[in-house]
Structures are given as structure tokens and as C-alpha cells.
Amino acid sequence: MAAPRRDTRGIVDAAELFARVRFRRREPAEALRPYLEHYWLIDWDLPQPYTSHVVPHPSVNIVFQRFEGRAPFAEVSGVGLELFTQQLQGRGRVCGIQFRPGGFRPFFPDRPVSDWTGLRVRFPEAPAGPVTQATPTTPALHLTQTPQDRVAAVLDPPEEDARVAALDAFLLSLDPRPDPQADLAMSLVERIRTDRGIRRVADFARSESLSVRLLQRLFSAYVGVGPKWVILRYRIHEALERAETERAVDWAALAADLGYADQAHLVRDFTATVGVPPTAYAQAVR
């Protein structure tokens, strides 16, 4: 599996965020890498409140969180359909698990992933699963641990490696079950992410020898959103990154490159997702 990606896709004004918080991505244990994009860790100590914005990926996250003045907690964050906004103030810490699109279902096989879509659900009764064998770098996660113990095991250690090890132990305790359908869903989404030529669901389904209906059912059960939504979301991610990294974006050319009918269509999608037109956003971040 590839190392955690280095791009900033989805993060609105990434440079501003990185100037205010300490943000890292870390690899999970080898047994978990088929299912996960990465862990993401954020720590902050801010003299003034700051509001972060993210255009979500088609991924489910489990997030352990500590905000000043609040008890620490964990939650499942399903695929976000709208711009995600979070105010940060004082001191705090977040340790997040980003699953590959399609990679969450093996850990929670009893529910289609679409059941979680658009939701942020507290995780007070995270199932513990079988006990994992402790190693020097991976503590055992015991069945007798309370939910608060599990949250503390992730958020309390001052050493980053210990937090990563606690995330590994937590996920391994859930005993993910191999699932060929999950593998198929992950590979299909990866193809959409990396192949800019994929523009129409019907053509994509045909190229994979699947009916459109079967493809849509697979995505609902394992990704949480439909293939058309995934195609559109990755277009916006690329437009967002181009707006931040290029001094002068040819929006008409980019619209054509991303498969939009015209520039106006790109502008509508970008504005609806990010909240401002792409030209205004580009000017603001520069």
C-alpha cells in the first residue's frame, strides 16, 4: 500500500489551517492498510478561535476528540454531504481514522454504509471485539475497558507513536472481516479518483461489466454515496487544489479537463460545495 498521501485535497485554505494547527498523517498497522487511507492527527493551542472548513471525501471517519472545556469523546462521521465546519479554540487534540471509500464496512458488516451518510454519531459503546495480543508498540485493548478508557488510550499519551499504536489496537480489536465486495468497491472508487476520463456512470459501469443498478447498489452498501456523487466530489477536490496552488487558473480549460459541459457548470458546483465562486476563493487564499 502507498504511504499516506501528501495532497491537501478537500481542505479549504490548507495553508491557513497548517499555520494554526499541527497536522500530521500516519500509516496504520500493516494488517489495517487495505482498509484505511491513513490516520490524521491534529493538535492546537490557539490564542484566538479559528474555524476550519473541509470538503469531505467519500470516506467514513472515526474521530477521537478533545476540545477545551468539554469531555473527550469519539464519534463515527459518515460520508459528509456538505461542507464540514469546525471551530477550534484554546487547546485541543483530534486523532482521526480515515477509511478508504468502501473500507469501513468490513469493521461494521451488519449495516449498509449509506446508513451512516451525513451523520455524526457518538461512539459511547464502541464494540471491543476479541482482545489483541499486546506488543511493545501495540497495547492490548481489553474487553473490560470502558468507552472512556478507549478514548483516553488514544488521546492521552503525549507520544505520537503511542497514540498511533492505540488507534491500531482499537481497530484490530474490531476484527475486520475480509469481504470481496468491499475490495471491489475500494478498487472502483480508486479508479474514479485516479482516472480523469471517468465522467459518466453508465460508461463506467459498462467498462467494469456491471449494470448501472448493480454499481449503484454496491456503492450504497459499501461506500455510502452513489458513483455519480463520487465522480463530482473528486472533480471539486481537484478544482479546489488547483485554485490554491496555481497562480492563474484557466477555469474554462479546467472545466473541460474535469469533464464539465462548460465553465458555468463548474462554477455552480464549486460555489454550491465550497460556498464561494472559484475565482473569489482563489483570490482569497492568495
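The values are calculated or read from the model by the stated rules, or taken from the named source; none is laboratory data. Note that the structure is predicted; figures quoted are calculated from it, not measured. Using ideal geometry, Cβ is built from the backbone for each residue, glycine included, and neighbour counts are taken over all protein chains shown. All accessible areas refer to the heavy atoms of the entire protein, side chains included, with ligands and DNA or RNA removed. Shrake-Rupley method; radii C 1.70, N 1.55, O 1.52, S 1.80 Å.
Treating each Cα of the range 156-224 as an identical point scatterer and ignoring solvent, apply the Debye formula and state log10 I(q)/I(0) at q = 0.12, 0.20 Å⁻¹. Debye intensities relative to I(0), on a log10 scale: -0.50, -0.83.
Contact order, relative form, for the range 2-82: 25 percent (alpha carbon pairs under 8 Å, 6 or more residues apart, mean separation divided by residue count).
What is the distance, in nm, between label points placed 7 Å from the Cα along the Cα-to-Cβ direction at Asp262 and at Arg33? Distance between the two pseudo-spin positions: 4.8 nm.
Each of Ala221, Leu167, Ala205 was placed along the dipole of the chain (beta-carbon charges, centred on the mean Cα), and the one lying farthest toward the positive end is Ala205.
For the chain, relative contact order (Cα pairs under 8 Å, six or more residues apart, normalised by length) works out to 18 percent.
Go ahead and run the numbers for FRET between Asp149 and Arg70, Cβ-Cβ distance against an R0 of 25 Å, rounding to 0.05.
Step by step, r from the Cβ atoms, then E = 0.90.
Dividing the alpha-carbon Rg of the range 31-70 by 2.2 N^0.38 Å yields what?
Normalised Rg, Cα atoms only: 1.53.
With a simple spin-label model that places each label point 7 Å from the Cα along the Cα-to-Cβ direction, the separation between Lys228 and Glu16 comes to 3.3 nm. A Cβ-based charge dipole, computed about the Cα centre of the range 139-218 with Lys and Arg at +1 and Asp and Glu at -1, lands at about 800 debye. The distance from the alpha carbon centre of the range 185-207 to that of the range 231-245 is 17 Å, rounded to a whole number. Considering the dipole of the chain built from charges on the beta carbon (Lys and Arg +1, Asp and Glu -1) around the Cα centre, which of Val12, Ser59, Pro277 is farthest to its positive end? Value computed over the given set: Pro277. Distance from the C-alpha centroid of the range 19-42 to that of the range 88-117: 12 Å, rounded to the whole angstrom. Charge dipole of the range 30-91 (Cα centre as origin; +1 on each Lys and Arg Cβ, -1 on each Asp and Glu Cβ, all else neutral): 100 debye, rounded to the nearest 20. Each Lys and Arg Cβ is given +1 and each Asp and Glu Cβ -1; about its Cα centre, the range 192-286 then shows a dipole of about 360 debye. Near Leu81, the amide H atoms lying under 5 Å from its own belong to Gly118; only residues 5 or more places off or on other chains count, and H is placed 1.01 Å from N.
Extension gain, Thr51 to Arg286: 0.36 nm times the residue separation minus the Cα-Cα distance gives 82.8 nm.
In the context of the full set of protein chains, the chain has a per residue accessible area of 49 Å² (1.4 Å probe). With q set to 0.24 Å⁻¹, the log10 of I(q)/I(0) for the range 7-61, from the Debye formula over equal scatterers at the Cα positions, is -1.08.
Overall dimensions of the range 223-286, expressed as equivalent-ellipsoid semi-axes from the Cα gyration tensor (√(5λ), whole Å, largest first), are 20, 13, 10. Inter-label distance, Arg177 to Leu81: 2.8 nm, where each label sits 7 Å from its Cα along the C-beta direction.
One quarter of the surface of the convex hull around the alpha-carbon atoms of the chain equals 15.2 nm², the direction-averaged projected area.
Divide, for the range 133-286, the radius of gyration over alpha carbons by 2.2 N^0.38 Å, where N is the residue count. Let's see the in-between values first.
Details: Rg = 21.2 Å, N = 154, 2.2 N^0.38 = 14.9 Å.
Output field value: 1.42.
Relative to the current alpha-carbon distance between Val276 and Ser209, full extension at 0.36 nm per residue lengthens the span by 20.2 nm. An ellipsoid equivalent to the range 62-127, defined through the eigenvalues of its Cα gyration tensor, has semi-axes of 23, 14, 10 Å when rounded to whole angstrom and sorted largest first.
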